[in-house]
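So the structure is just underneath, and the comments pick up after that.
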Amino acid sequence: MTLRERVENCIQEMLAYIEEADYAGYDPYDALNSPVISYIGARSKWVRVAATHLVRRSPWNLRPLLGIRKGHNPKGIGLFLWGYSRLYALYRTDRYLKRVDYLLELLDALRSKGYSGNCWGYNFDWQSWTFLRPKGTPTIVNTSFIGHALLDCYELTGRRKALELAIPIKDFILNDLHRTWEGETFCFSYTPVDTEAVHNANLLGASILARLMGYGNGHSLESVVLASVAYSMRSQRPDGSWFYADTDIQSWIDSFHTGFNLQAIRYVLDTGLAPQWRAAYEKGVRYYAERFFLGDGTPKYYQDRVYPVDIHAPAQAISFFCQEQEVYQDLTDRIVAWVLANLYSGKGFFYFRKGKFLTNRISYMRWSQAWAFHALSEYLLQESERRVSLKPRRIKSVGN
């Protein structure tokens, strides 16, 4: 069986699994959905932080005991929409188009209310080391990924509703997020309730604004995109990498956030903006390819160590590298083969993490299934395009 055939079989098994579950499930960070933990941690940030990490790190699923229910995660729904849109582009069957319509309606219903434009958060309270983000607080990361899914959905399926949901995203990013200024450049905040300056979040926000320029307000958005991108590009390290953020407690370099940075920059470059950063982008791509994968395709979590291998690492790598130059095709195939052999259950879902001695086999709908579905559907679409044109295809917004 060829690698493509294995991917096709895996996707069909995933479809049966996720559709039976109606795209609802647990999340690694949903501990505060527990009425028990919510009560105990009501007045203590440290209790909330400790409980979140305990539930996330446990190899046993404690959620049923803690009263945590499965739910629809907006980002997961966006990733599923992305995958179904690609499957429709490949096979042109009504089955996939009906699912696209269903997921569009679900995304519409899951929008965070009370903001300047369309935006999405998480279906749980989220306590970081610095801020508590209540359930539904929109994030620039969720909103940007969903925005890219919506624009690709419009391009691949022609569904006008996808475009109508995507266009107002710019108003949320421009009006509701804080900005950390550094000279004439700035970094968007992660959410409206914090001021954290995180590079992947900032670049993703710039990338969706860049694509939305094709649908009006291009001149007014261009200066914002360029100032936001410049902030993070100036923080790129000499070897091509980025710290997660420029604070002492956030100065790590990991695989999938590196991939997010590069994916966002590529979106901007594909619109014709910021050509002065292309060489830096290419240096970053080389760093990503050379530092985060072993010879057999094993994806490393950090640049200097392998474990734990998180499903996000191969998923982001597959979706990124299959759209790059032909030189990365062999790397992409090795990563796909590795993830199918090591993190796929054979029952329609992917495992969360693989450690050196223990694999966490809990099924997480957003973190694992949606990301794997997103990656493998992109792989199939690019493989199909490659057969026709011998080069990867990137979807570009064409305006309305």
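Every number here is computed from the coordinates shown, using simple stated rules; none is lab data. On a predicted model such as this, the values are computed, not experimentally measured, just so you know. Here the Cβ is made from the backbone with ideal geometry for all residues, glycine too, and neighbour counts use every protein chain on show.
Residues whose amide H falls under 5 Å from that of Ser112, counting only those 5 or more places apart or on a different chain, are Cys119, Trp120, Gly121, with hydrogens built in the peptide plane. Within straight-line reach of Lys75, meaning a Cα separation under 26 Å, sit the following lysines at least 8 residues removed in sequence or on another chain: Lys45, Lys98, Lys113, Lys135, Lys161, Lys170, Lys300, Lys347, Lys354, Lys396. Take the range 1-79, drop everything but the C-alpha atoms, weight them equally and run the Debye formula without solvent; then report log10 I(q)/I(0) at 0.13, 0.19, 0.25 Å⁻¹ to two decimals. The Debye formula, applied to the Cα set alone, gives -0.54, -0.87, -1.13. Maximal additional length on extending the Val36-Glu19 stretch stands at 3.1 nm, based on 0.36 nm per residue less the C-alpha distance.
What is the sum of charges, Lys and Arg at +1 and Asp and Glu at -1, for the other residues whose Cβ falls under 11 Å from the Cβ of Pro192? List each step's numbers first, then the result.
Values: positive: Arg133; negative: Asp176, Asp194.
In short, -1.
Across the range 189-286, the fraction of Cα-Cα pairs farther apart than 17 Å, rounded to a whole number, is 47%. Charged neighbours of His178, selected by a Cβ distance under 14 Å, balance to -2 (K, R count +1; D, E count -1). Take the chain, drop everything but the C-alpha atoms, weight them equally and run the Debye formula without solvent; then report log10 I(q)/I(0) at 0.07, 0.11 Å⁻¹ to two decimals. Once normalised to I(0) and log-transformed, intensities are -0.29, -0.77. Once fully extended, how much extra length lies between Tyr302 and Gln325, figured as 0.36 nm per residue of separation less the alpha-carbon to alpha-carbon distance? So the chain would gain 5.9 nm between Tyr302 and Gln325. Phi-derived couplings, Karplus 6.51 cos²θ - 1.76 cosθ + 1.60 at θ = phi - 60°, listed residue by residue for the range 181-187: 8, 9, x, 9, 10, 8, 10 Hz, with x used for Gly and Pro.
In order along the range 41-51, the Karplus-derived 3J(HN,Hα) couplings, from 6.51 cos²θ - 1.76 cosθ + 1.60 at θ = phi - 60°, round to x, 4, 10, 9, 4, 5, 5, 5, 5, 4, 5 Hz, and Gly and Pro are given as x. Amide H to amide H distances under 5 Å link Arg133 with Trp126, Gln127, Ser128, where only residues 5 or more positions off or on other chains count and H is placed in the peptide plane.
Counting only chymotrypsin sites (Phe, Trp or Tyr not before Pro) that DSSP places in a loop and that have at most 12 other Cβ atoms within 10 Å, the longest clean stretch of the chain runs over 130-356. Close amide H partners of Tyr364, meaning residues 5 or more places away or on another chain with modelled amide H under 5 Å apart, are Gln369.
3J(HN,Hα) couplings calculated from phi for the range 336-346 with the Karplus curve 6.51 cos²θ - 1.76 cosθ + 1.60 (θ = phi - 60°) are, in sequence order, 4, 4, 5, 5, 5, 7, 10, 10, 8, 6, x Hz; Gly and Pro show x. In a reduced charge model with +1 at each Lys and Arg Cβ and -1 at each Asp and Glu Cβ, the chain shows a dipole moment near 640 debye about its Cα centre. Computed per residue of the chain from DSSP H runs no shorter than four, each worth -39500 (n - 2.57), the mean residue ellipticity at 222 nm is -17000 deg cm²/dmol.
Let me make sure I get this right: for the range 190-234, a, b and c are the square roots of the gyration tensor eigenvalues over alpha carbons, sorted descending. Under 1.5 in a/c it's rounded, otherwise prolate if a/b > b/c, else oblate. Which is it? Could you put the intermediate results ahead of the total?
Values: a/c = 2.34, a/b = 1.63, b/c = 1.44.
It comes out prolate by the Cα gyration axes.
Taking the charge dipole of the chain about its Cα centre, with +1 at Lys and Arg Cβ atoms and -1 at Asp and Glu Cβ atoms, the residue from Ser220, Ile253, Tyr102 reaching farthest to the positive side is Tyr102. Full extension of the chain segment joining His219 with Ala341 gains 39.1 nm, where the gain is 0.36 nm per residue of separation less the Cα-Cα distance.
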